[in-house]
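Okay, so here's the structure we're looking at.
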Amino acid sequence: MAGLLTTAGPAITTLAQRSEKAEQELSAATKDAIPVTLHVNGQKHNLRIDPRTTLLDCLREHLHLTGSKKGCDHGQCGACTVHVNGRRMNSCLCLAAMYQGDEITTIEGVGQPGNLHPIQEAFVAHDAYQCGYCTCGQIMSAVALLSEPVGPEDAEVKEFMSGNICRCGAYQNIVEAIQSVRQSTNRQKAG
Amino acid sequence: MPTITETATTSPIGRQTPRIDGPFKVSGTAMYASDFNFTGLLFAVPVEATIANGKLQKLDASEAEKMPGVRAIFHRANIGKIFRSVLQPPNSGIADERRPPLADDVIRYYGQYVAIAVADTFEAAKAAADAVRATYTKDKPNVNLDLQPESEPEAVETTHGRLKRLQSERGDPDKAFASAQVKVDQTYVTPAETHNPIELQGTIAMWDGQMLTIYEESQAVFNLRSVLAQMFGLPKENVRVITKFVGSGFGSKLWPWTHCALACAAARQLGKPVKLVLSRRMMFQSVGHRPRTQQRVRLGATNEGKLVSLMQDYLNDLDILGGYHENCGESTSYFYSVPNLRVHWGRTRRNIASPTPMRGPGAVPGLFATESAMNELADQLKIDPVRLRELNEPKIDEGKGIPFSSRHYLECLQRGGERFGWANRNAEVGSMKRDGSILGWGMSGAAWIAGRFPAQASVELRDDGSARVACGTQDIGTGTYTILAQLVSDKTGVPLNKIEVVLGDTSLPPGPISGGSLVTGSIVPAVFDAADNAITSLLTVATTEPGSPFGNRTPDDLAFEAGRVFAKADGLAKGVSVSDLLRRTNMRLVTGSGKSEGTLDEKKPKVSMHSYCCHFVEVTWQPATARLHVNRVVTVIDGGRIINPLAGRNQIEGAVVMGVGMALLEHTIYDPQNGAPINSNLADYLMAVNADAPLMEVHFLDYPDTDVNPLGARGIGEIGLAGVAAAITAATYHATGVRVRELPIRIEDLLTSSILA
Ligand code: FES
Ligand code: FES
């Protein structure tokens, strides 16, 4: 590492100085921001955000709740699934400012290591993922599915989970994981 | 969830092991590149060319620059110097797209970046990027689907160096084909496919005046470092790449793409951390794809079904500047016994972005062609396709003239057939029915390379009874975190829940790229070596350091087993645990480094190493609604020793699901008007969803291949995809009588079927 001090990259141009100045002026973007209050995982957050901010970007970039993922930004993959008042929603299709007063639940509010939701535990036990990128969205859908009118067959679960794409293709294990939780809940109810 | 009760004596190798990183993945606490956040973070959005061939005439950023929150609009004139990188043999500095971003004003593919907007928020950056006005002089793009070979010399430059286009030849294939009793001569086409990992690619770049630090979801952190060091004129020690979790890649994240250099350059110009995450549309335009292939396959055989000639002439399309070669002949020269053979290839340049390896590159489209031809030959000969394969099983690798390390392909066929119920097949087209649907049965085989990349690792044993293993490889969803822990646990007796695994960082010992299904095979010897060296160091501590109960012994008198050091003369029971020994000697840890050589660059290999598999597929065809569904798939894998069968089965199932997509759904379509991939979103580019997934049954033969490494473990990330599409088209023919030779199978193809329910 002898050469470390002598190997600085090309000099930073005047643009950098310009941007410092811009910073001092207080970013104009913040000037256009609007106040928004969100209730996420039982906590109230008072924010000032760009009115164009989606609920997904708001969760990720402002609240640093990065368990909700962006896979398409178009409502086509399900990676951003959250619960709004208990129903599953694609948060990339929601404008954050329109969900004030609603109860928003993200994966972080479902369970954390050491205190996982039965669906989360079942996903680990059944290896219902590979890369894990679609997983939080799958779990949000699966948790919501538990209280949706879904028949007992695998085929119905597959249909109800088809809004969440898993490019790794862990579908068979996802169904197994969900069914294992449904069956043990049914057993508990019956017992 | 089964709780893992570990005892120090059971090895976790070969045991169904829930992933050690699982609790992070299911709770949103696993940190992928774009999840990181830093003070002062700025957001970048690139501006994409809206033509595929022509020149950037004028770029007007004046409006965009004035927008609220915008820090800069960078383009060729103000981005600063970005150098060209070059391949550094044997295996570093690899990139499919070499032209540095913004290097000139020529547009060669749709979506090529012409500028980049940086702002305080993502919303502001996106609005600014949209407000940049670009004017072009346009030429008609060439995205023609009919591939004709360029006139290239017989040896050409590729991404990986110079290659001969005559890939393999033996005997006199033309003569043998001309006089063969039975012949197949067909052309097979596979379309451009886009990897589409669910994680969007992106970069967070930070530049402090000396050190460039990158968070990026890379399948090859060390290669990315070597390319960036070249592009920014830095010693590689001044570039650090960090990749903790990767939202899969399937090849698209193997080699660096231009957005990464743009983010780095923007961070350098502004002196702030910059986050650039691609849109899904950009994922279709500028991070690689599997190229279109067109393959003529000629098979000549005797009336009894013995192959006498095999010829494969294949083409792939590629970008204007690059050197990508889709190696469709990867398994052709050794898979079957045939005395006369020729494999030859060519390429065709188009106004498209660079292709790049996609899961099972070459072999997956290649085996679609050759296995489809084998199935057609079996039908012509009226013999069972399984029987045809048995008749042509080679004794050695006839391409290289060397023995196989471990090949159990025939056993795959036999097991698969039994599990599937193949003996009940009625070969007549449209003859098998169930519940008002026609059943179609088909099968196919496949092979995929095995071997090792060079790898290094380090293992620490610590005074609290825990261990740490570090290796600069990546876990792209294949379970590498868990396998590293299993290997260390096997060697040291430390339970899995006490092993810290660190990977995905260029500050660690260099590890293998996550490509070619070679990670597992490569890391086994390096990690074992590191663990052995840590244990040797421990025994030295035991005999030399004050406080040790073994002060009067030599290392040779001692042994290590199940996490305990003991004198051989006294036996395990009288030994002390690692933590005890380290505490008594007042040491926090002992450490060992390990290393293993690669096999892929061997000039004269002694054995031919591959994995093998077969798929048996059932489709249902409902003529009234023209609905084709893949019902069930039985897959048998000869993949060496399987270290974690839980994750292993999942890998294969996932590959089969991708194969269903390849056969029935996936197809990137380029608009002939403007050269754009027009179905560049996840609603128009169809991939298999949960309801498309068949019932899958996976079997592993589990024959250790000790030529690969001492455990006999080969990789299995890609083999499961190879052959699936050929088995599905065979099953489709069996159900409908329609032979589809161009993927994906479309409803239009099947409407010609005359089979009724
Ligand atoms: S990111 Fe919202 S559905 Fe894909
Ligand atoms: S686990 Fe990778 S996309 Fe589902």
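The values are calculated or read from the model by the stated rules, or taken from the named source; none is laboratory data. In this text the structure is predicted, and so the values were computed from the model without any measurement. Note that we place each Cβ from the backbone using ideal geometry, even for glycine, and neighbour counts take in every protein chain shown. Accessible surface is based on the protein model in full, side chains and every heavy atom, while ligands, DNA and RNA are left aside. Shrake-Rupley method; radii C 1.70, N 1.55, O 1.52, S 1.80 Å.
Lys and Arg at +1, Asp and Glu at -1: add these up for the other residues within a Cβ distance under 11 Å of B:T480 and post the number. Charge balance near B:T480 sits at -1. Taking label points 7 Å from Cα along the Cα-to-Cβ direction, B:K604 and A:H39 give a separation of 7.8 nm.
Which residues among the range B:136-172 fall inside the zone where the amide N is under 19 Å from a point 7 Å beyond the Cα of B:K55, along Cα→Cβ? Output list for this probe position: B:136-142. The largest-to-smallest principal axis extents of the Cα set in the range B:1-123 are 70, 43, 25 Å. Could you work out how far apart the two model spin labels at B:A103 and B:K595 are, taking each label as a point 7 Å from the Cα in the direction of the beta carbon, and quote it in nm? Distance between label points: 3.4 nm.
The longest part of chain B holding none of the exposed loop trypsin sites (Lys or Arg not before Pro), meaning those outside H, G, I, E and B in DSSP with at most 13 other Cβ atoms within 10 Å, is B:85-381. Relative to one another, the C-alpha centroids of the range A:119-153 and the range B:59-100 are positioned 40 Å apart.
Mean partner shielding of peptide B:194-202, defined as the number of other chain Cβ atoms within 10 Å of each residue Cβ, is 5. Using the Cβ-Cβ distance between B:R553 and A:H74 with R0 set to 60 Å, the FRET efficiency from 1/(1 + (r/R0)^6) comes to roughly 0.30. B:H408 exposes around 50 Å² of accessible area when a 1.4 Å probe is run over every protein chain in place.
Which of the residue pairs B:K81/B:K140; B:K382/B:K433; A:K70/B:K272; B:K81/B:K126; B:K164/B:K604; B:K25/B:K595 have a Cα-Cα distance greater than 28 Å in the structure shown? Write down the numbers at each step before the final one.
Working: B:K81/B:K140 31 Å; B:K382/B:K433 21 Å; A:K70/B:K272 24 Å; B:K81/B:K126 24 Å; B:K164/B:K604 18 Å; B:K25/B:K595 30 Å.
B:K81/B:K140; B:K25/B:K595, as the Cα separations exceed 28 Å there.
Farthest towards the positive end of the charge dipole of the range A:118-190, among the residues A:M161, A:V175, A:L145, is the Cα of A:L145, using unit charges on the Cβ of Lys, Arg, Asp and Glu. Taking only alpha carbon atoms, the range A:118-190 gives an Rg to Rh ratio of 0.93, where Rh is the Kirkwood radius. Compared with the alpha-carbon gap, the fully stretched path from B:A77 to B:K138 is longer by 19.8 nm at 0.36 nm per residue. Pairing chains A and B buries close to 6300 square angstrom of accessible surface in total, based on protein heavy atoms and a 1.4 angstrom probe. The mean count of C-beta atoms from other chains within 10 Å of the C-beta of residues in B:16-25, rounded to a whole number, is 6. Just give the residues from the range A:119-135 buried by at least 30 square angstrom of accessible area in the all-chains context relative to the isolated chain, probe 1.4 Å, and say none if nothing qualifies. Correct list: A:E121, A:V124, A:A125, A:D127, A:Y129, A:Q130, A:C131, A:Y133. Mean per-residue shielding of peptide B:652-661 is 4, counting Cβ atoms of other chains within 10 Å of each Cβ. Over the protein assembly as shown, DSSP H runs of length four or greater, each weighted -39,500 (n - 2.57), average out per residue to a 222 nm ellipticity of -7500 deg cm²/dmol. Working from label points 7 Å from Cα in the Cα-to-Cβ sense, the A:K189 to B:K574 distance is 6.4 nm. Antiparallel beta bridges, as assigned by DSSP with both residues in the range A:32-109, represent about 90 percent of the total such bridges. Each listed q (0.09, 0.10, 0.16, 0.21 Å⁻¹) maps to a log10 I(q)/I(0) for the range B:233-384 from the Debye sum over equal C-alpha point scatterers, namely -0.45, -0.53, -0.94, -1.28. B:W448 sits with roughly 10 Å² accessible to a 1.4 Å probe, with DNA, RNA and ligands left out of the calculation.
At a threshold of 8 angstrom on Cα-Cα distance, excluding pairs fewer than six apart, so keeping six or more, what relative contact order does the range A:32-109 reach in percent?
For the range A:32-109, the relative contact order is 37 percent.
Across the protein assembly as shown, Cα-Cα pairs farther apart than 48 Å form 25% of the total. Accessible area ranking (1.4 Å probe, heavy atoms, ligands and nucleic acids excluded), largest first, for B:L600, A:L55: B:L600, A:L55.
For the range B:450-594, give the percent of accessible area contributed by carbon and sulfur heavy atoms, probe 1.4 Å, rounded to a whole number. Roughly 47 percent, rounded to a whole number. Taking only the C-alpha atoms of the range B:428-587, the Rg (one decimal) and the largest Cα-Cα distance, Dmax (whole number), read 23.0, 82 Å.
A convex hull fitted around the alpha carbon atoms of the range A:32-109 yields 75 Å³ per residue.
Summing Cβ point charges (Lys, Arg +1; Asp, Glu -1) relative to the Cα centre of chain B gives a dipole of roughly 660 debye. Heavy-atom accessible surface of A:M89, to the nearest 10 Å², is about 60 Å², with a 1.4 Å probe and all protein chains retained. Give me the net charge for the shell around B:G575: Cβ to Cβ below 11 angstrom, other residues only, Lys and Arg +1, Asp and Glu -1. Spelling it out: positives minus negatives among the neighbours equals 0. The slack between B:T752 and B:Q88, meaning 0.36 nm per residue of separation minus the straight C-alpha distance, is 233.8 nm. Just need the Rg to Rh number for chain B, please, alpha carbons only, Kirkwood Rh. Result for chain B is an Rg/Rh of 1.00. Taken per residue, the accessible surface of the range B:275-355 reaches 20 Å², heavy atoms only and a 1.4 Å probe.
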